[in-house]
Each structure stands twice: as structure tokens, then as C-alpha cells.
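In what follows, a structure is listed as C-alpha cells, so that the remarks can point back to it.
The values are calculated or read from the model by the stated rules, or taken from the named source; none is laboratory data. Just so it is clear, the model here is predicted, and its values are computed rather than measured. Positions of Cβ are generated from backbone atoms using ideal geometry, with glycine treated the same way; all protein chains shown enter the neighbour counts.
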Amino acid sequence: MKLIVGLGNIGRKYENTRHNVGFDVLNVVAKRNAGDSPKEKFDGRTMDAMIGGERVLLLWPHTLMNRSGQSVGAAVAFYQVPLGDLLVVCDDFNLPMGKMRFRMKGSAGGQRGLDDIINRLGSDEFSRLRLGIGPVPDAWDAADFVLARFGPSDRTMVDEEIERAAEAVECWVTNGTQAGMNKFN
């Protein structure tokens, strides 16, 4: 079984914010791939699904972004998921909007949810798919920027990026990170 985690913050005030694109991608993946009814488990919402004949667990941590590792660590431990079968989908304000980047491992790059996951797992050797939400305008604080909603002029591009990211997640499940890097980076 593979574990796919979308990072975001729960609650109405965070819906449709830049920081929640990981949740948004998982919502699209869940709609496109039949699965069981969602359950509350591992301090988050989970859903079993099938992608390309492979069983996957989708996880939306409900611990707030900066403590995502608590939820991810619990799921990894319970299912004994090898880190090579873990994909984390998150925002990245260092990437321009409309760009995405797969990586097999590496630093958190300033993404605090990813940083917490790395710390809780004791390893950075898992795949991640970063979605560009940047750049942060000069007059903005980065924390305020990621918690803000997309403007109307950005919404079409963001919706297209989320759909493409859902395709990228499906590619990762069926063909692996390298194939995803080749096709979507």
C-alpha cells in the first residue's frame, strides 16, 4: 500500500488558501478514484482508494500544517509504510504559480509541514510533490501570503494546476517518482 498525504489546514477560514493546495489535490484524487468512505483516523481524514490497480491510503492531516508529522508518522507506523511508498503533496512559495516539482528526497525548503514530517520520521527520503504558489510579493509577509486566498485572476491557473497535480499523483502511484519528474517537472 502507498500513502499519499495532502498538506493543509482544517477549518473554514483556511479553505481555498494557498497553503491548502495539498488538500485540494487530494480532494480531486479522491473524486477521480473510487474508494471507501472517508474515516477519521491518525489525527486526520483518511480514505482507501484504488489507483491503477494499486491500493492507496489518502491522508488529510487535521493537526494544522506545522504539526503534520504527527498524523503522517502515525499512519506510516500503523501500516508500516516504507518511506519509498510515501508521497507528500504541498505548497511551495519559492516556485512560481503553475509550476510543480517532484523530488525523491531533500530538505523541507522552508515548508513547515514538510519540515515537521521530516523531523517526526527522522528521514527526508520520501517523495514530495510541491505546487508553486509564489512568488511572495515584496510587501507581503510569507506567513500572511500562504494563508491568503488566491485572487480571482489566479483561480483558473490554480484549478488547472490542481488537476495536473492530481494526474501527477496518479502517475507516481503507477510509474514512480522518476516518471513523475520526467513528465511533470
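Quickly run through segment 126-144 and pick out the residues that are exposed (fewer than 13 other Cβ atoms within 10 Å of the Cβ) and assigned to a loop (DSSP other than H, G, I, E, B).
Those that are exposed (fewer than 13 other Cβ atoms within 10 Å of the Cβ) and assigned to a loop (DSSP other than H, G, I, E, B): Pro137, Asp138, Ala139, Asp141.
If you scan segment 44-60, which residues turn out to be in contact with a strand residue (DSSP E or B) (Cβ under 8 Å, 6 or more places away or on another chain), of a type outside the set (Lys, Arg) and surrounded by fewer than 18 Cβ atoms within 10 Å (Cβ to Cβ)?
Asp48, Met50, Glu54
Can you give me the number of residues within segment 15-38 that are closer than 23 Å to Asp116 by Cα, surrounded by fewer than 20 Cβ atoms within 10 Å (Cβ to Cβ) and at pLDDT 95 or above?
Number satisfying all stated conditions: 1.
Going residue by residue through segment 156-170, is there one that turns out to be crowded, with 21+ Cβ neighbours inside 10 Å, assigned to a loop (DSSP other than H, G, I, E, B) and at pLDDT 95 or above?
No.
Only residues in segment 156-185 that are within 12 Å of Gly52 (Cβ to Cβ) and acidic (Asp, Glu) count as the first member; pair them with residues that are modelled with pLDDT of 95 or more and surrounded by 21 or more Cβ atoms within 10 Å (Cβ to Cβ), Cβ under 9 angstrom, at least 6 apart or cross-chain, and list the lot.
Glu170/Val29; Glu170/Ile51
Taking Val5 as meeting all but one of (1) over 13 Å from the mean Cα position of the chain (by Cα); (2) part of a strand (DSSP E or B), write down the number of the exception.
(1)
Please give the strands (runs of 3 or more DSSP E) falling wholly within segment 10-105 in which 2 or more residues are more than 22 Å from Gly180 (Cα to Cα) and either in contact with an Asp or Glu (Cβ under 9 Å, 6 or more places away or on another chain) or not charged (D, E, K, R) (or both).
Passing ranges, in order: 44-51.
Going residue by residue through segment 78-88, is there one that turns out to be modelled with pLDDT of 95 or more and under 22 Å from Glu15 (Cβ atoms)?
Yes.
Quick check on my filter: what residues within segment 111-125 are part of a helix (DSSP H, G or I) and either surrounded by 24 or more Cβ atoms within 10 Å (Cβ to Cβ) or touching a Pro at 6+ places or on another chain (Cβ under 9 Å) (or both)?
Gly113, Leu114, Asp116, Ile117 - these are the residues of segment 111-125 that are part of a helix (DSSP H, G or I) and either surrounded by 24 or more Cβ atoms within 10 Å (Cβ to Cβ) or touching a Pro at 6+ places or on another chain (Cβ under 9 Å) (or both).
Does Leu147 satisfy the criteria of being buried (at least 17 other Cβ atoms within 10 Å of the Cβ), touching a residue at least 24 places away in the same chain (Cβ under 8 Å) and among the aliphatic types (A, V, I, L, M)?
no
Restricting attention to segment 113-156, and to residues there that are of a type in the set (S, T, N, Q) and over 16 Å from the mean Cα position of the chain (by Cα), which single residue is nearest to Asp91 (Cα to Cα)?
Thr156
Are any of the residues in segment 101-113 over 17 Å from Gly22 (Cβ atoms) and of a type in the set (D, E, K, R)?
So far as segment 101-113 goes, yes, one or more of its residues are over 17 Å from Gly22 (Cβ atoms) and of a type in the set (D, E, K, R).
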